[in-house]
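One structure is given here, and the rest of the page talks about it.
The values are calculated or read from the model by the stated rules, or taken from the named source; none is laboratory data. Being a predicted model, the structure only gives us computed values, none of them experimental. Glycine gets a Cβ as well: all are built from the backbone with ideal geometry, and neighbour counts include every protein chain shown. All accessible areas refer to the heavy atoms of the entire protein, side chains included, with ligands and DNA or RNA removed. Shrake-Rupley method; radii C 1.70, N 1.55, O 1.52, S 1.80 Å.
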Amino acid sequence: MKHIILRNRVLLASLLVLNLLMATRVILSRSVHPLLKRSPPFPHFAPKRFPKSHPCPLWSPSFSFCLATPHKPTTPTIPSSLSTRSCSSLSATAMAASAAADEALAANPLLQDFDFPPFDVVDAQHVRPGIRALLKKLEGDLEELERTVEPTWTKLVVPLEKIFDRLSVVWGLVNHLKAVKDSSELRSAIEEVQPEKVKFELRLRQSKPIYNAFKAIRESPDWQTLSDARKRIVEAQIKEAVLSGVSLEDDKRDEFNKIEQELERLSQKFSDNVLDATKKFEKLITDKNEIEGLPATALGMAAQTAVSKGHENANAENGPWIITLDGPSFLSVMQHARNRALREEIYRAYVARASSGDLDNTAIIDSILKLRLEKAKLLNYNNYAEVSMATKMATVEKAEELLEKLRSASWDAAVQDMEDLKNFSKSQDAPEADDLNHWDTSFWSERLRESKFDINEEELRPYFSLPKVMDGLFRLANMLFGIDIEPADGLAPVWNNDVTFYRIKDSSGSPIAYFYFDPYTRPSEKRGGAWMDEVLARSHVLSRDGTSARLPVAHMVCNQSPPVGNKPSLMTFREVETVFHEFGHALQHMLTKQDEGLVAGIRGIEWDAVELPSQFMENWCYHRDTLMSIAKHYETGETLPEETFLKLLAAKTFRAGSLSLRQIRFASVDLKLHTDYVPGGAESIFDVDCRVSERTQVIPPLPEDRFLCGFSHIFAGGYAAGYYSYKWAEVLSADAFSAFEDAGLDNSKAVKETGNKFRETILALGGGKAPLEVFVEFRGREPSPEPLLRHNGLLATASVISSRKRSVRDSVYAFRFGIPS
């Protein structure tokens, strides 16, 4: 027995020495990272199928050992008689703990070399160690780049793109899961590592060796030989570095970095508060009379929500029902509930979201605006709007000019819209007819639309089942852009069983892109709204084989009504438009032919041009052949009647003035808050909104309206001093669609030719060319706002426009797009 113990102790001592030698060897080798597999996370070929994501590890076991940073243990007081045995025991314990940490890190799905992100297995427990290990690795890569950088493409841009892309892909994975599969554990983990991620990003953007190398490229004799895309990359990187504080002195740069960290934290907190406030509100209804007027789909959804909240026997017919502030639930009440008191209660709750108690965003907004102004001053700008416009097509003046021209063109029509509602509600003996308020307009608008056009939104739902809509959308994409889209479920892991994965192929049958589609609302874990984002960008640098570019991958997320019972998801026409909109974004990302990864797809495109393809695609919802191809009754297969299509077409401009003013209000208050608002001054943020609303709302907002507390676009998204982009890009998209009108929408050959031209310019060139130049290449001229006003019924007839074309352009609608110098 003693021999066995002695032999074990000798063996243990040998292992300890060997372990120390191995650790020393690995630490010394870290500067060149010989053990890291830097294969990019997507191949040019179709990868193998797998039910779960278990790809090979990005980190080798020996390398990950040196990444583990356990806390130094406190040395305990050990009796001398036990010291030898206890030290051996402690060493063995430390070794076991280190090995366990090493094994966990090696198995962390965030640190894998994957073809598609492992959405199915990433959990909150992976975030802290995974992101920290990644940041440590990328920090080493950055140090190596700074040490060896030269003003050449291969010595500067190639390694920089690899660093940027890896962080973008992994952080994008985590952030996406928070948006679609939120939990307190995931939220906490992200909050903890986010400052470390921001610190690294600042370090990267403020790197003077990299900044100086880009400037050297721009000043070199070879500058004129670079492609447009490469010139755009260089210019963008220089501008981004300056806007990130690279030129600031040490003390000012420290102040700048503190501001950036705090802005990131506040933005995340703002978003969390909106989500929590939305989830917090629930109204249980047991008396069906209280929700008279709600259509069957809304009742089914409300009953389904009740079941999920513990009311096991809830059903559409007998309830109980739960109303929430989630989009589909809120809108169904606003548009259809005859109970005016219920509409008022739900409306007031909606515009007061995140404005009280622990979830109050008011102080957060003031802090965000204060810090953005301080940031602008540090960068020698007058206000934050100027900082925002530095990377956009517009200037502050150009944006304000466009908004005012659209406002003046929309105002009279909006006033008439309200008069029409008053007159109609009075004809229906509505007691509120002489005192219509915000909770009345949507309800009476729907009734007027039904009366005027004989269209009932709910009666249209059976014609717009999600499978039929997607089939028709894909046929349209084939006609316009020559692509085929097919389901590829099982090829990539997904985060929810409702998610479908698709493959896009070109005319030769070769895959050129992939995308995920997550269509349904999940109020308990998924944030509201609809969005598209990149998962992976097209890139030659990140090619698997060194020849074919890595293919782009996108995700589309909506929050439409889910299937109820045995019925498929039956969509409102607005939900159909939303799917087309997000698909337009996805197309620009996926159909890019740009191989320079930093400007491929939606990367590098000025923010106020990025909505062009999305809003362009919405126009096809009113194209007869397209609409008839998607509008098939889910039970009978019957096509939407011709007269109903004509009514939909006639209703397209219904209340266009009011809808236009709504967007102009949002855009205008955004600009005002980021130009002349003084945080902490005599005027509050809500005073600014009221001042803007006097010129953009026919009915003034309620004194207690706090919609700004839920305005995530500008306080938790990328639209700060940029919400005007929706109207700016709407001008571009309407004019782009008018090219198809000019060619003849009934001329299939001309439509295909124009579609191919749209693909080869707007969709293919990405951020590799200035958006105005891309538009001119497609359209043959600069954009005009006339098509937008005409499409919205805010201009005279086309014949009148034609006869007065010069005077119109020279006066009311005179507007010229330009890129600020």
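Solvent-accessible area of the range 744-787 (1.4 angstrom probe, protein heavy atoms only): carbon and sulfur portion equals 47 percent. The range 597-614 and the range 427-477 have Cα centres spaced 33 Å apart. At full extension, Glu486 and Lys593 could sit 36.5 nm farther apart than now, given 0.36 nm per residue minus the alpha carbon distance. If the segment from Asn212 to Lys652 were pulled out straight at 0.36 nm per residue, it would be longer than the present Cα-Cα gap by 153.1 nm.
At q = 0.14, 0.18, 0.20 Å⁻¹ the log10 of I(q)/I(0) for the range 163-296 amounts to -0.83, -1.09, -1.20, computed by Debye summation with a single uniform scatterer per C-alpha, solvent ignored. Taking the centroid of alpha carbons for each part, the range 642-663 and the range 497-526 are 30 Å apart. Each part reduced to its alpha carbon centroid, the range 232-262 and the range 546-592 end up 35 Å apart.
At an R0 of 60 angstrom, the distance between the Cβ atoms of Val776 and Glu103 translates into a FRET efficiency of 0.55. If you bin all the Cα-Cα distances of the range 673-760 at 5 Å, starting from zero, the percentages per bin are 3, 11, 14, 16, 13, 9, 7, 8, 9, 7, 3, 1, 0. Taken over the range 102-247, the percentage of Cα pairs per 5 Å bin, counting from 0 up to the bin with the maximum distance, is 2, 9, 18, 19, 16, 13, 11, 8, 4, 2, 0.
Partner lysines whose Cα lies under 18 Å from the Cα of Lys526, excluding those fewer than 8 positions away in the same chain, are identified as Lys178, Lys181, Lys269, Lys279, Lys280, Lys309. Using heavy atoms of the protein chains and a probe of 1.4 Å, the accessible area assigned to Glu344 is about 60 Å². Rolling a 1.4 Å probe across the protein heavy atoms gives the range 102-247 an accessible surface of 39 Å² per residue. Rounded to 0.05, the FRET efficiency of the Glu240 and Glu150 pair, given R0 = 25 Å and the Cβ-Cβ distance, is 0.80. Protein heavy-atom accessible surface, 1.4 Å probe, per residue over the range 680-765: 37 Å². Accessible area of His585 (1.4 Å probe, protein heavy atoms only, ligands and nucleic acids ignored): about 20 Å². Stokes-Einstein, applied to the Kirkwood radius of the range 386-432 over Cα pairs at a viscosity of 1.002 mPa s and 20 °C, places its translational diffusion at 159 µm² s⁻¹.
Tell me which GluC sites (Glu not before Pro) from the range 635-703 have a DSSP coil assignment and no more than 16 other beta carbons within 10 Å of their own. Those satisfying the criteria are Glu635, Glu638, Glu683.
Among rounded, prolate and oblate, which fits the range 340-497 when a ≥ b ≥ c are the square roots of the eigenvalues of its C-alpha gyration tensor, a/c under 1.5 means rounded, and a/b larger than b/c means prolate? Taking the square roots of the gyration eigenvalues as a ≥ b ≥ c, the range 340-497 is oblate. Taking every pair of distinct Cα atoms and averaging 1/r, then inverting, what Kirkwood hydrodynamic radius in Å comes out for the range 324-405? About 16.2 Å for the range 324-405.
Mind running the shape call on the range 581-708? Use the C-alpha gyration tensor, a ≥ b ≥ c as the square roots of the eigenvalues: rounded below 1.5 for a/c, prolate if a/b tops b/c, oblate otherwise. Could the numbers behind the result be given before it?
Values: a/c = 3.43, a/b = 1.39, b/c = 2.47.
Here the range 581-708 falls in the oblate category.
Charge dipole of the range 102-247 (Cα centre as origin; +1 on each Lys and Arg Cβ, -1 on each Asp and Glu Cβ, all else neutral): 580 debye, rounded to the nearest 20. Of the listed pairs Lys199/Lys672; Lys567/Lys632; Lys288/Lys632, which have alpha-carbon separations greater than 22 Å here? Going by Cα-Cα distance, Lys199/Lys672; Lys288/Lys632 fall outside the 22 Å limit. Neighbours of Glu235, meaning other residues whose beta-carbon lies under 11 angstrom from its beta-carbon, give a summed charge of +4 when Lys and Arg score +1 and Asp and Glu score -1.
Counting Lys and Arg as +1 and Asp and Glu as -1 over every other residue whose Cβ lies under 10 Å from the Cβ of Arg691, the net charge comes to -2.
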